[in-house]
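Worksheet for the structure shown next.
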Amino acid sequence: MTAEETKIIKGCKKGNKRSQYQFYELFKKLVFSVCMRYAKDVPEAEDIMQDAFVTLYRDLYQYRPIGALGAWVRRVTVNTALQHVRKKRMVFSEVEMHTLSNTVEGDDDIMGVLNAKEIMRMVQLLPDGYRMVFNLYVVEGFSHKEIAGQLNISVNTSKSQLSRAKGYLRKILETALA
C-alpha cells in the first residue's frame with residue numbers, strides 16, 4: 001500500500017470528507033467496472049456502485065494492509081453485487097436458445113473486431129443467473145463449489161448455468177457478427 005493510500009484510509013476512518021472523496025476518485029473506475037459485470041444496465045450498476053462505496057467506507061476498518069487495497073475493494077464490490085442479486089431473489093432460469101432475438105445491433109465499422117465494451121454489452125444481455133455464474137467463474141475465478149455457496153444454488157446448477165451462458169454468448173456473437 002502506498003503512503004498516499006495509507007493517508008487516505010486514515011482520513012476515511014476519521015470521517016474526513018476530503019479523504020472519502022479521494023478514496024472514491026481512486027477506486028471509482030474499478031468499482032464501476034466490477035458493478036457493470038453484474039448489472040443489466042448502467043442504472044443498476046450505479047445502484048450497486050453506491051451500495052459498494054457505502055459498504056467500503058463502513059468496513060474500511062476491516063482492511064488489513066497485507067494485500068493490495070485494490071484487491072480488497074474489488075472483493076467487497078463483488079460481494080455487494082452478489083448481495084444485490086440476492087435481494088432481487090434472482091431465479092436461475094431455463095432460458096431457451098431460440099428466445100434470443102437480434103438484440104445486438106451490428107456495426108459495419110467493427111470489421112469483425114470486438115472490443116472490451118462490446119463484449120461487456122454482450123455479457124450484460126445474458127439472463128441474470130447466467131451472467132452471475134459466468135462472471136464469478138470466468139472473471140473472478142471462483143470454483144463451482146464457491147459459486148454454489150455464494151448464490152445458494154447447487155454445484156450442478158452452477159455448472160449448467162455456466163454452460164448455458166457460454167452457449168447463449170455464442171448465439172449473441174453469431175448474431176452480432178452475422
### Query
Do we find that Tyr130 is among the hydroxyl-bearing types (Ser, Thr, Tyr), buried (at least 17 other Cβ atoms within 10 Å of the Cβ), under 28 Å from Gln22 (Cα atoms) and modelled with pLDDT of 85 or more in this structure?
no
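Would you check if Ala148 is closer than 22 Å to Asp41 by Cβ, outside any loop (DSSP other than H, G, I, E, B) and of a type in the set (A, V, I, L, M)?
Numbers: closer than 22 Å to Asp41 by Cβ: no; outside any loop (DSSP other than H, G, I, E, B): yes; of a type in the set (A, V, I, L, M): yes.
No; evaluated as a whole, the condition is false for this residue.
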### Task
Would you tally the residues in the stretch 138-157 being over 17 Å from Val123 (Cβ atoms), among the hydrophobic types (A, V, I, L, M, F, W, C) and in contact with a Phe, Trp or Tyr (Cβ under 7 Å, 6 or more places away or on another chain)?
1
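Listed here are the residues, each with its yes/no results for (1) modelled with pLDDT under 85; (2) charged (D, E, K, R).
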site	(1), (2)
Gly67	yes, no
Thr80	no, no
Gln83	no, no
His98	yes, no
Gly106	yes, no
Ile110	yes, no
Lys117	yes, yes
Met120	yes, no
### Query
If you check every pair at least six apart or on different chains, which have Cβ atoms under 7 Å apart with a residue in the stretch 68-90 that is farther than 14 Å from Gln150 by Cβ first and a residue that is in a loop (DSSP other than H, G, I, E, B) and not hydroxyl-bearing (Ser, Thr, Tyr) second?
Leu69/Met1
### Task
With the condition kept exactly as written, say whether any residue in the stretch 37-52 is in contact (Cβ under 8 Å) with a residue 12 or more places away in the chain, surrounded by 17 or more Cβ atoms within 10 Å (Cβ to Cβ), outside any helix (DSSP H, G or I) and not assigned by TED's automatic domain parsing to the domain that holds Val139.
yes
### Task
Name the single residue, out of those in the stretch 1-36 being farther than 22 Å from Leu82 by Cβ, in contact (Cβ under 8 Å) with a residue 60 or more places away in the chain and aliphatic (A, V, I, L, M), that is surrounded by the most Cβ atoms within 10 Å (Cβ to Cβ).
Ile9
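If I filter the stretch 53-65 down to residues being assigned to a helix (DSSP H, G or I) and of a type in the set (Phe, Trp, Tyr), which single residue comes out as modelled with the highest pLDDT?
Checked the stretch 53-65; the qualifying residue modelled with the highest pLDDT is Phe53.
The values are calculated or read from the model by the stated rules, or taken from the named source; none is laboratory data. Owing to the predicted nature of the structure, the values given are computational and were not obtained by experimental measurement. Quick reminder, even Gly has a Cβ in these numbers, built from the backbone with ideal geometry, and neighbours come from all protein chains shown.
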